[in-house]
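Presented below is the structure to which this report refers.
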């Protein structure tokens, strides 16, 4: 009998995907047989997305094209249900700061109460990305700042089109 493949889900809004996201996805791809980047279609806790789900998925597909075991899918369900439907036994998220930890601890406890068979695994942000957030990138882009070192090149160009003054 073949061993169970180790599948992980990396959920998020990715609005837009940053180099920090790509770093976490890349590192997760080294730990699991398959990584499914789950792009939430409509986030409950965040404002309306700047980019629609299809465009965000495209950004991530191109930014992770070098990773053979990564695929990207939209989702609009509980992340634990999404994970179970795909045979994933882990949810992988990045942590930057204490504020991330507090939120993720709460989410972990809620997810475990719904699906104790799905583990949450947290990867610490690489030092160069520990300050990086999609909302911060959008704010910089809104005021004409250079985001080229923070996001994939294609994303930087689209941000300039969408938000540049």
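The values are calculated or read from the model by the stated rules, or taken from the named source; none is laboratory data. Being a predicted model, the structure only gives us computed values, none of them experimental. Neighbour counts are summed over all protein chains in view; Cβ atoms, including those assigned to glycine, are modelled from backbone coordinates with ideal geometry.
Residue check: residue 33 meets all listed conditions (1) out of contact with any strand residue (DSSP E or B) (no Cβ under 6 Å at 6 or more places or on another chain); (2) without any contact (Cβ under 8 Å) to a residue 24 or more places away in the chain; (3) more than 24 Å from residue 128 (Cβ to Cβ) but one, namely (2).
The helices (runs of 4 or more DSSP H) found entirely in the stretch 49-165 that carry 3 or more residues being under 19 Å from residue 38 (Cα atoms) are 53-63, 79-85, 98-114. When residue 86 is tested against (1) at pLDDT 95 or above; (2) surrounded by fewer than 16 Cβ atoms within 10 Å (Cβ to Cβ); (3) more than 15 Å from residue 14 (Cβ to Cβ), exactly one condition is not met: (2). Pairing each residue of the stretch 139-150 that is more than 12 Å from residue 163 (Cα to Cα) with any residue that is outside any helix (DSSP H, G or I), provided the two are 6+ apart or on different chains, yields C-beta distances under 8 Å for 150/18; 150/132. Report yes if residue 114 is within 17 Å of residue 11 (Cβ to Cβ), out of contact with any strand residue (DSSP E or B) (no Cβ under 9 Å at 6 or more places or on another chain) and without any contact (Cβ under 8 Å) to a residue 24 or more places away in the chain, otherwise no. Here the answer is no, as residue 114 does not meet what is asked. Taking (1) modelled with pLDDT of 95 or more; (2) outside any strand (DSSP E or B) in turn, residue 5 satisfies each apart from (1).
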